[in-house]
Amino acid sequence: MNFSQAATLHLNIDTGSSSTRGFFLAKFDGGTREGFIHQPPNVGFLRASNYENDKSKGTPKTSRVTFKQGKQWVFRIVGEIPGHAGTKTDPNMSKANLLVPKVLSFVGLALDHVPELTPDRMKLEINFMLPISEWSEYTDLESDLLSCLLGGYGYNGRHIDFEAVDAKGYMEGAGVATIPPPDITAYVGVFGHKDANFIAVEDGQPLAYPKSKTFEGLGMSSIVNQIMHFTDDVQGAKAVFRFLALLDNPQQQDKARKELAALIQPHRLERKLTETRERFKTNWGDIEQRINSDRGIKQAQAFYLVGGNAPLYKSRFKDLFGSAFKPLSAAIKQLSDEFEGINTQWAYRALDVWMLHLHVTGHAWATKGDK
């Protein structure tokens, strides 16, 4: 197929439970532009909303997306809605259910970053990442995305369609899967909001079941649910993470307490501090036991760790895997140095999709000590 467009927009997107993040690379007559985009937690799957026609309620963190489902036009609001204390994530709703509007919103955000681009005279190359447990939905989602991107959709009141689109889905871990040498078996631990996933990698490709495993309910949200006093799942998970991250440092004990104290009634605080510690210890015990009884994961020749909650587990996995554990320190540093707004924790969240971004755009990264 011959394209008449003078520009190409590369997008690599990871639609996490708590946010959408990814990288763009725009190539056009005036040069190139590259960057990182983060859209805050989704309020997602809305069929009706009093914000539909009230533009004064919008914020730069909110996107209103309209698109076709079959013959019917529907809309979703993606991002933060003013007046809401964070967002409520439905644990029964898959990321796949929200992927189409969140990806469309991300495309709109990327176009906002590069106003020189004219969609109907350019090619869009888009890669999106799905959890291993939702990989079976990939084909339908690719078809839905192509239909929207080529047939036209609405983003914050603007109608957008492209001259040409390539869309491809990747299993989470696909970015880090480009790191190990091709002649070994490696695993990528992905520690996100709900589950702990262990992705088997062979010959640079992440593998679906049975070698890859999902340890359901062992993500940070299981601790939040155990505490039971948070009004918001995502907000609670972030507070628990910060509490646990500070807990091991004796000089940060008071600060750690304040993270949970902001969300728990004072007369319950001491008990909840103890329960949070105990639940995290139990979670790790369950994870360790399952790994030790799983021949594939335990015998990994290289083990990599990514995901928003990965910093909590880094030392534990290092003890468990020894020299097979690869800390990715050089990659974490390079990522946080190159992109504004990415600290160490965010680098763990964005590392997988950044590696995919580098791979598909032909860029290089610092490898010393990480392979």
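The values are calculated or read from the model by the stated rules, or taken from the named source; none is laboratory data. Quick caveat: nothing in here was measured; it's all calculated off a predicted structure. Cβ coordinates were reconstructed from backbone atoms using ideal geometry, including for glycine residues, and neighbour counts include every protein chain displayed. Ligands, DNA and RNA are stripped out before the accessible areas are found, and what is left, the full protein with its side chains, is counted by its heavy atoms. Shrake-Rupley method; radii C 1.70, N 1.55, O 1.52, S 1.80 Å.
At a glance:
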{"quantity": "Summed side-chain charge close to residue 187 - residues other than residue 187 whose Cβ falls under 13 Å, Lys, Arg +1, Asp, Glu -1", "calculated": "+3"}
{"quantity": "Table column - 3J(HN,Hα) (Hz), region 272-287, Karplus curve with 6.51, -1.76, 1.60, x for Gly and Pro", "calculated": "6, 4, 5, 5, 5, 4, 5, 5, 5, 4, 5, 4, 5, x, 5, 5"}
{"quantity": "Mean separation of Cα contacts under 8 Å, 6 or more apart, over the residue count of region 133-251: relative contact order %", "calculated": "15 percent"}
{"quantity": "Amide H contacts of residue 166 (H built 1.01 Å from N, under 5 Å, at least 5 apart or other chain)", "calculated": "124, 125, 126"}
{"quantity": "Gain upon complete extension [residue 158, residue 143; 0.36 nm per residue less C-alpha separation]", "calculated": "3.2 nm"}
{"quantity": "Percent accessible area from carbon and sulfur atoms, region 279-330, protein chains only, probe 1.4 Å", "calculated": "42 percent"}
{"quantity": "From phi via Karplus (6.51, -1.76, 1.60), per-residue ³J(HN,Hα) for region 199-215 in Hz, x at Gly/Pro", "calculated": "9, 6, 10, 9, 6, x, 10, x, 10, 7, 4, x, 5, 7, 9, 10, 8"}
{"quantity": "Relative packing of peptides 145-154, 317-326 - highest average C-beta neighbours within 10 Å first", "calculated": "145-154, 317-326"}
{"quantity": "For residue 35, residues with placed amide H under 5 Å, excluding near neighbours", "calculated": "24"}
